[in-house]
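Beneath this line is the structure, given in structure tokens, with notes to follow.
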Amino acid sequence: MKTTTTAKPNAKAFRVDYPNDWCPGCGDFGILGAMQQAFAAMALVPHEIALVGGIGCSGKAQYYVNCYGVHTLHGRPLPFAAGIKLAKPELTVVIVGGDGDGLGIGAGHFVNAGRRNLDLTYILFNNEVYGLTKGQAAPTLEMGLQTKSLPEPTIQSSIDGPSLAHASGFTWIGRGYSYNVRHLTDLVVRAVRHPGLAYLEVLQPCPTYNDLHDKEWYSQEENGTSRLWDLQQDGYDALIPQNATQEVHRERTQAFAQMVTRWDSRIPVGVMLENLAISTYTDRIAKRVPPYRDAPPARRTIASATGHPATDLSGMFSEVAV
Ligand code: SF4
């Protein structure tokens, strides 16, 4: 679980005076606002949060939030975030990256992160294009679609983020929409509070390169029903409790599989899965190495007051001496 303090900053505490180069109207702004409001709602303070960004427009989000931030290599924010969390478990660690970064070049890390269930929150900005490099088709763009930046329709099939997250072992899965900041703020809070690996996909229009799925498209209604289908308003139950029976597991898994279809006239948003029955990687390490809980790497003494290393390597060197 993440730490909280008694200090109660508002969202302004997480704003920074740093030049923002996102395009006007970009969905990224809504996600940024939701993160700042969620951190304030959880009464976190800047030094308790680390934001880890990949490469892409969305991978710049950590520059715009007043907290620790790391800009990593393309597709690599998850391993960086895992290292930070293992070294300093009390930090709230949030990953920000695009669909190309996470589900394209970073797909191997994405899948393997699911096997560990570390207490991390992955906010994936899904606009279906590589915006930073002029709008090529990203892994989430459905086959046959042609955004204005493509000379021809894409002939590759798409990846469904929530389905891949489920298959990989993420224990919290949700989806929000960047222009519904209030709902998204609530989802960020729930994802961060989940004591395991959370995947929060955010549908995020890119007005510069994706002219198909824009603000108007997302807000369309059919027969009086809006395209974005709020699961919780519809009574969908995402929870697998800690001591859930096999039957509950089976019911929730079937409900997830039936709900997670995408890009038809109704796109599900809200909490899709909340599985509390899987142990976290930190718990597993602490079981194997009990001192880890009280002395994770960031809290260990690495040097004496005079600057000499506290680690004695002489035994190891004597073993390899020739
Ligand atoms: Fe946003 Fe698209 Fe502009 Fe990138 S290119 S900042 S995703 S509108």
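The values are calculated or read from the model by the stated rules, or taken from the named source; none is laboratory data. Source: prediction; values computed, not measured. Accessible surface areas use protein heavy atoms only, side chains included; no ligands, DNA or RNA. Shrake-Rupley method; radii C 1.70, N 1.55, O 1.52, S 1.80 Å.
Normalised by the number of residues in the range 96-149, what is the relative contact order in percent for Cα pairs under 8 Å and 6+ residues apart?
On the way: 54 pairs, mean separation 21.7, N = 54.
That works out to 40 percent.
Compute the distance from the alpha-carbon center of the range 254-298 to that of the range 178-209, in whole Å.
Using only Cα atoms to place each centre, the spacing works out to 15 Å.
Determine how many Å³ per residue the convex hull of the Cα atoms of the chain encloses. Mind dumping the intermediate values first?
Numbers: hull volume 61.4 nm³, N = 322.
About 191 Å³ per residue, rounded to a whole number.
Please report the relative contact order for the chain, taking Cα pairs under 8 Å with a sequence separation of at least 6, and give it as a percent rounded to a whole number.
Details: 649 pairs, mean separation 52.4, N = 322.
Once divided by the residue count of the chain, the mean separation gives 16 percent.
Using DSSP, restrict attention to beta bridges with both residues in the chain and report what percent are antiparallel, rounded to the nearest 5.
Around 25 percent of the beta bridges assigned by DSSP in the chain are antiparallel ones.
When the Kirkwood radius is taken over all Cα pairs of the range 61-218, what Stokes-Einstein diffusion coefficient follows at 10 °C and 1.306 mPa s, in µm²/s? Can you show the working numbers first?
Numbers: Rh = 16.0 Å.
The diffusion coefficient I find is 99 µm²/s.
Are any of the pairs K12/K134; K85/K287; K12/K215 more than 21 Å apart by Cα-Cα distance, and if so, which?
Working: K12/K134 32 Å; K85/K287 17 Å; K12/K215 26 Å.
Flagged as over cut-off: K12/K134; K12/K215.
So what J values fall out for the range 207-218 if you push phi through Karplus, 6.51 cos²θ - 1.76 cosθ + 1.60 with θ = phi - 60°, rounded to Hz, Gly and Pro as x?
x, 7, 10, 10, 8, 8, 9, 9, 4, 5, 4, 5
Please report the projected area of the range 8-104's Cα convex hull averaged over all directions, in nm². Working shown, then result.
On the way: hull surface 24.3 nm².
Average of the hull's projected areas for the range 8-104 equals 6.1 nm².
Taking the square root of 5 times each eigenvalue of the Cα gyration tensor, what semi-axes in Å does the equivalent ellipsoid of the range 133-204 have, largest first?
Equivalent ellipsoid of the range 133-204: 28, 16, 8 Å, largest first.
Excluding ligands and nucleic acids, what accessible area in Å² is computed for L276 using a 1.4 Å probe, to the nearest 10?
60
Using a 1.4 Å probe and ignoring any ligands, DNA or RNA, find the accessible area of H308 and quote it in Å² to the nearest 10.
Roll a 1.4 Å probe over it and H308 shows about 120 Å².
Let me have the relative contact order for the range 132-285, percent, based on Cα pairs under 8 Å that are six or more residues apart. Walk me through the numbers on the way to the answer.
Values: 221 pairs, mean separation 37.3, N = 154.
With pairs under 8 Å counted, the relative contact order is 24 percent.
To the nearest µm²/s, what D does Stokes-Einstein give for the range 132-277 at 4 °C and 1.567 mPa s, using the Kirkwood radius over alpha carbon pairs as Rh? Intermediate results must be reported in sequence, preceding the final value.
Working: Rh = 16.5 Å.
D, rounded to a whole number, is 79 µm²/s.
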